[in-house]
Amino acid sequence: MPTDLSEAPVFRGVVALDGPSGTGKSTVARLLARRLRTQYLDTGAMYRAATVAVLRAGVDPADPVAVAAEVSGRRVEVGTDPWHSSTTLDGRGVDQDIRTAAVTAAVSQVSAVPAVRAQLVAQQRLIIGSAPTVAEGRDIGSVVWPDAELKVYLTAREDVRARRRAGELGEADLSRISQSLRRRDDFDSSRGASPLRRPDGATEVDTSDLGIDEVVELLVELAFRAVSTADRA
Ligand code: DC
């Protein structure tokens, strides 16, 4: 990957990157945004920050009415610089807090609440509408920005995803990690509001046997091809 990107072409469009966790989505999305010289939007970080608010307030994540009330009074913001993450809750940095096990365990319940989704999706659309963006999440290509020039759905075999997650967490119990991944995927895929699914028109990329750089190169090519096809249409 070139380190000096100042002369690299700028991608003028939106890339919607969806898929379950452990597929390399966050790393790929951030690197892709650097390569394409666009904004980077981590929508999972927004749902995680909302979950921090819920847990700090002592609200039960399983109580959708209380969750909606709590989150509606809070200001969740994410930075869009692919070189530097920043997530804030009411103006205070929560970059460490959003990655705790307690937040990971509760975020599926919080993100299933329709009012929470409506609030955060409205913000996501404002960000994406303001400039070219690589946005990652579960519903970007299906709900947030269905007109994205490129929609990609990343997948990976379950054993590979569990191994990647174990590496991130520094934990050795693969079967426990597999179980918790499966629980979160099942919850995210079966909820009523914007369930995780492959969006119409998305290119599915199985990352099980690919390195991160290979995935990024592939997506750079697909992205520029998508805008040049759109220009000709
Ligand atoms: O990508 P992540 O693990 O940081 O996402 C955290 C949770 O947020 C995940 O369980 C599903 C949810 N999420 C969502 O429902 N919609 C999105 N666009 C992004 C994340």
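Output the residue which, of all residues in the range 6-22 that are away from the ligand (no atom under 16 Å from the Cβ) and in contact with a Phe, Trp or Tyr (Cβ under 8 Å, 6 or more places away or on another chain), is farthest from Glu158 (Cα to Cα). Break it down stepwise before answering.
In the first step, residues of the range 6-22 are kept if they are away from the ligand (no atom under 16 Å from the Cβ); the result is 6-13.
After this cut, where a residue has to be in contact with a Phe, Trp or Tyr (Cβ under 8 Å, 6 or more places away or on another chain) as well, the list is 9, 11.
On the way: Pro9: 36, Phe11: 32 Å.
Looking at residues that are away from the ligand (no atom under 16 Å from the Cβ) and in contact with a Phe, Trp or Tyr (Cβ under 8 Å, 6 or more places away or on another chain), I get Pro9.
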Flagged in the range 119-168 as touching a Lys or Arg at 6+ places or on another chain (Cβ under 6 Å), more than 28 Å from Val67 (Cα to Cα) and not aromatic (Phe, Trp, Tyr), in numbering order, are Pro132, Leu154
Looking at Pro82 and the list (1) buried (at least 19 other Cβ atoms within 10 Å of the Cβ); (2) closer than 25 Å to Leu222 by Cα; (3) within 13 Å of the ligand (Cβ to nearest atom), which single condition is not satisfied? (3)
So Gly141 passes all but one of these: (1) surrounded by 18 or more Cβ atoms within 10 Å (Cβ to Cβ); (2) at pLDDT below 95; (3) touching a Pro at 6+ places or on another chain (Cβ under 7 Å). Which condition number does it fail? (2)
Name the one entry in Glu171, Glu214 that is out of contact with any Pro (no Cβ under 6 Å at 6 or more places or on another chain) and within 23 Å of Gly13 (Cβ to Cβ). Glu214
Take the residues of the range 192-233 that are in a loop (DSSP other than H, G, I, E, B) and polar (S, T, N, Q): which is nearest to Ala115 (Cα to Cα)? Ser194
Among the residues of the range 146-163, which ones are within 12 Å of the ligand (Cβ to nearest atom) and either more than 13 Å from the chain's Cα centre (by Cα) or in a helix (DSSP H, G or I) (or both)? Arg161
Taking the range 151-179 and keeping only residues that are surrounded by 15 or more Cβ atoms within 10 Å (Cβ to Cβ), under 19 Å from Arg48 (Cβ atoms) and of a type in the set (D, E, K, R), one is left with Arg161, Arg164, Arg165
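Just one of Val110, Val103, Val134 is free of Cβ contacts under 8 Å to residues at least 60 places away in the same chain and under 16 Å from the mean Cα position of the chain (by Cα); which is it? Working first, answer last.
Details: Val110 fails: free of Cβ contacts under 8 Å to residues at least 60 places away in the same chain; Val134 fails: free of Cβ contacts under 8 Å to residues at least 60 places away in the same chain.
The unique qualifying residue is Val103.
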Looking only at the range 180-206, filter to residues that are surrounded by 18 or more Cβ atoms within 10 Å (Cβ to Cβ), closer than 18 Å to Val121 by Cβ and of a type outside the set (A, V, I, L, M); which one of those is nearest to the ligand (Cβ to nearest atom)? Asp188
In the range 87-125, what residues are away from the ligand (no atom under 15 Å from the Cβ) and either under 24 Å from Phe11 (Cα atoms) or basic (Lys, Arg) (or both)? Arg92
Thr133 passes all but one of the listed conditions (1) surrounded by fewer than 20 Cβ atoms within 10 Å (Cβ to Cβ); (2) touching a strand residue (DSSP E or B) at 6+ places or on another chain (Cβ under 6 Å); the exception is number (1)
In the range 23-49, which residues are aliphatic (A, V, I, L, M), more than 11 Å from the ligand (Cβ to nearest atom) and surrounded by 23 or more Cβ atoms within 10 Å (Cβ to Cβ)? Val28, Leu32, Ala33, Leu36
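The values are calculated or read from the model by the stated rules, or taken from the named source; none is laboratory data. Keep in mind that this is a model prediction, so the values were computed, not measured. Using ideal geometry, Cβ is built from the backbone for each residue, glycine included, and neighbour counts are taken over all protein chains shown.
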